[in-house]
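The values are calculated or read from the model by the stated rules, or taken from the named source; none is laboratory data. Here the structure is a predicted model, which means the values were calculated and not measured. Note that we place each Cβ from the backbone using ideal geometry, even for glycine, and neighbour counts take in every protein chain shown. These area figures cover heavy atoms from the full protein model, side chains too; ligands, DNA and RNA do not enter into them. Shrake-Rupley method; radii C 1.70, N 1.55, O 1.52, S 1.80 Å.
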Amino acid sequence: MAAPGTELERLVEIMRRLRAEGGCPWDREQDLRSLRPYLTEEAFEVLDEMDRVSDGGPWRPLCEELGDLLFQIVFHAQLAAELGEFTMADVCAAISDKITSRHPHVFGDQQVKGAEQVLANWAQLKAEERKKKTGRAGSVLDGVPTAAPSLLRAERLTEKASRIGFDWPDLAGVRGKLDEELRELDEAIASGGRDAIEHEMGDVLFSLANLARFVKTPAEDALRMATRRFVSRFQYIEAKLNEEQVPFGGATLEHMERHWQAAKAVEKA
């Protein structure tokens, strides 16, 4: 088995050839803007394979998707290298330096008592890094992308706030807050006001994301898996109705519910 460094160098060289004179016309036309959708797509394909592995699927497809995602990173680094901005080696060095500096309990002589202290130290180290770069510590909430999926962003924001002590003391408080927000949503629905419903629905979802963080079950992952189950069950219904030659849209809700319950039983089995 080849060393990781050897294979990474090979990939960097392949990328350089693709972009060079006489290389691939499509690759030579790309820039940061045109590559954005591919980077996003590859990241989501990695998530899909992670979910399949979690369901007991094979690991090899995940390896392939990670490679596709890595290729996007190498592609971006090549664009930067052509402009004299930075290289893939700089990318590797930067993240290595960052991870080393943020783990003084591993690469230094600092002592920690557990994961919570690691996270608190991480937040402090990031603030110190920002201050060196910008002259100010900034907000502890900095660094959560505004374009991230909303449930993921909500969870990450509450996690970051918790690192400086802004958090519920226990699960009961988080659960109670969700109940409070659900009551307020019921009131908004009863009033019929669109803005009020949107406001309270947002508060409920935010509280759910915070609850998910507390029980260490990421809301974005939980919803994605629930969506996968819905698709699988609904397609099971469609297949059964097709076998029964039921006309499109001709099944009753009760009929479809029987197949839905059968699909759930198949999952459990």
Here, helices (runs of 4 or more DSSP H) confined to the stretch 1-66 with at least 2 residues that are more than 29 Å from the chain's Cα centre (by Cα) are 4-19, 25-29
Any chance C92 is among the hydrophobic types (A, V, I, L, M, F, W, C), surrounded by 13 or more Cβ atoms within 10 Å (Cβ to Cβ) and either farther than 16 Å from R10 by Cβ or at pLDDT 95 or above (or both)
yes
Looking at R233, R229 in this structure, which one is under 30 Å from E49 (Cβ atoms), of a type outside the set (S, T, Y) and open to solvent by less than 60 Å² (accessible area, probe 1.4 Å)?
R233
Hits in the stretch 1-24 (condition: open to solvent by less than 90 Å² (accessible area, probe 1.4 Å) and over 19 Å from C92 (Cα atoms)):
L18, R19, A20, G22, G23, C24
From the set of residues in the stretch 239-269 that are of a type outside the set (F, W, Y) and closer than 30 Å to L151 by Cα, which is farthest from the chain's Cα centre (by Cα)?
E257
Can you tell me which of S191, S139 is modelled with pLDDT under 90, open to solvent by 40 Å² or more (accessible area, probe 1.4 Å), not aromatic (F, W, Y) and not assigned by the TED database to the domain that holds P37?
S139
For the list (1) surrounded by fewer than 15 Cβ atoms within 10 Å (Cβ to Cβ); (2) free of Cβ contacts under 8 Å to residues at least 12 places away in the same chain, I need the number of the one condition that H105 fails.
(2)
Taking the stretch 186-220 as the search range and keeping residues that are under 20 Å from the mean Cα position of the chain (by Cα) and without any contact (Cβ under 8 Å) to a residue 12 or more places away in the chain, which one is nearest to L151 (Cα to Cα)?
G202
Every residue from the stretch 93-110 that is part of a helix (DSSP H, G or I), more than 26 Å from V74 (Cα to Cα) and not β-branched (V, I, T)
P104, H105, F107
Whether any residue in the stretch 50-60 is farther than 30 Å from G165 by Cβ, open to solvent by less than 60 Å² (accessible area, probe 1.4 Å) and without any contact (Cβ under 8 Å) to a residue 60 or more places away in the chain is what I want to check.
yes
Does the stretch 25-32 contain any residue that is open to solvent by less than 40 Å² (accessible area, probe 1.4 Å) and touching a Lys or Arg at 6+ places or on another chain (Cβ under 6 Å)?
yes
